[in-house]
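Working notes for the structure below.
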Amino acid sequence: MSKLRQNREEQSERPLQRAIDEQSLATRPRSIISAYIALTKPRVIELLLVTTAPVMFLAAQGLPNIWLVINTLIGGAAAAASASVFNCYVDRDIDAKMERTKDRPLVTGEISPRSALIFAFVLGIGSIFWLGGFTNWVTAGLTASAILLYAVFYTLVLKRRTSQNIVWGGAAGCMPVLIGWSAVTGGIAWEPVLLFLVVFFWTPPHYWPLAIKYKADYDAADVPMLPSKVPPTSVGRQMILYTWAMIACSLALIPVAPMGPVYTIVAVGAGVWFLWSCYSLVSRAKQGKDGTSLKAMKVFHGSITYLSLLFLAVAIDPFVPTLIPGIW
């Protein structure tokens, strides 16, 4: 009888022990390697590389040297990682006040500020010399400018001072377009300048929906993001203006490059779709909707889809005349 009771007690304790073990795994600190990777903001790097490689295909009017592409992407990823680590180092005080960023390694203490700063310099200097050695020094110079734009101009100068911080600071995120083009050609032309402007005007309607969702975070950290200063309707109207400018630049590329049918169809179709999503956001805001019912994050994710489709079309378009002669 006592044995039976003991077996029952053991069986009843197993789910509890399993729950404790699962909780222990969930709260266990990440490895030091994972912490350093988290500092580099990998998702941001992915988005930046999405704009780099396609421009190289456009510059080469086909398939560029594969090793040139690989080396450019390695150097570009290291540069973007460096800028992100510098940002985490400078912003560690406000990251601690924001729900979205409170688990970053410099806030949790997994990595010391000194180690993060060394890591940022190693990545940044390494990326510049890597690109200088494997591509050209024009590309290396543009890369150095991109790091300085994000780490100094945006993070140190603009972010805590103006509600237009992401507009002008977003120029750093446009640099991969110039970097990809110069890696192939050794210089700059109107094509990458127009694509630079596409990304420049895309940045506010991409980032402001995220800032709408995390408005309380930015208020707590005293960061003057536009959604913390004006109502969603005003934010939405500004998003619409930037989106119109973005579409105009994307269409201007058609006669300048010139671009073919694949790019033209995607630029028009995706542009109209994203513009409609911005107008819809304003409409919901006018109806007094907020929180999840405002669906700001739907616009945020839509902006990523738009940019990915547009630059995929940039990459595919140069191959169309070869694959389908006489189509354009």
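The values are calculated or read from the model by the stated rules, or taken from the named source; none is laboratory data. None of these values were measured; they are calculated from a predicted model. Counting neighbours? That spans all protein chains shown, and the Cβs are built from the backbone with ideal geometry, glycine included. Side chains are part of the model used for accessible areas, which takes the heavy atoms of the whole protein and leaves out ligands, DNA and RNA. Shrake-Rupley method; radii C 1.70, N 1.55, O 1.52, S 1.80 Å.
Taking all protein chains as shown and a probe of 1.4 angstrom, residue 99 keeps an accessible surface of around 120 Å².
Heavy-atom accessible area per residue, segment 77-187, 1.4 Å probe: how many Å²?
Numbers: 4510 Å² over 111 residues.
Per residue, segment 77-187 has 41 Å² of solvent-accessible surface.
Quote the FRET efficiency, to the nearest 0.05, computed for residue 292 versus residue 240 with a Förster distance R0 of 22 Å and r equal to the Cβ-Cβ distance.
Working: r = 22 Å, r/R0 = 0.99.
My answer for the efficiency is 0.50.
When Lys and Arg each count +1 and Asp and Glu each count -1, what net charge do the other residues less than 14 Å away from residue 152, Cβ to Cβ, add up to? Intermediate values should be presented prior to the final figure.
Details: positive: 159, 160, 161; negative: 91.
Every neighbour counted, the sum reads +2.
Please report how far the C-alpha centroid of segment 124-177 lies from that of segment 229-281, rounded to the nearest whole angstrom. Comparing the Cα centres of segment 124-177 and segment 229-281, I get a distance of 24 Å. Exceeding 19 Å between C-alpha atoms, which entries from my cross-link table qualify? They are 102/289; 159/215; 213/289; 102/213. Cα-Cα > 19 Å for 102/289; rest within.
Solvent-free Debye calculation, one equal scatterer per alpha-carbon of segment 31-188: log10 I(q)/I(0) at 0.14, 0.16, 0.19 Å⁻¹ equals -0.68, -0.86, -1.12.
Rolled with a 1.4 Å probe across the full set of protein chains, the surface gives residue 316 an accessible area near 70 Å².
Working note: 222 nm ellipticity from helices only, DSSP H runs with n ≥ 4, each -39,500 (n - 2.57), summed and divided by the residues of the chain, gives -25000 deg cm²/dmol to the nearest 500. Globularity index of segment 189-320 is 1.13 (Cα radius of gyration / 2.2 N^0.38 Å, N = number of residues). Among the trypsin sites (Lys or Arg not before Pro) within segment 140-202, those in coil by DSSP and having at most 16 neighbouring Cβ atoms inside 10 Å are 160, 161. With N as its number of residues, the chain has a Cα radius of gyration that, divided by 2.2 N^0.38 Å, comes to 1.17.
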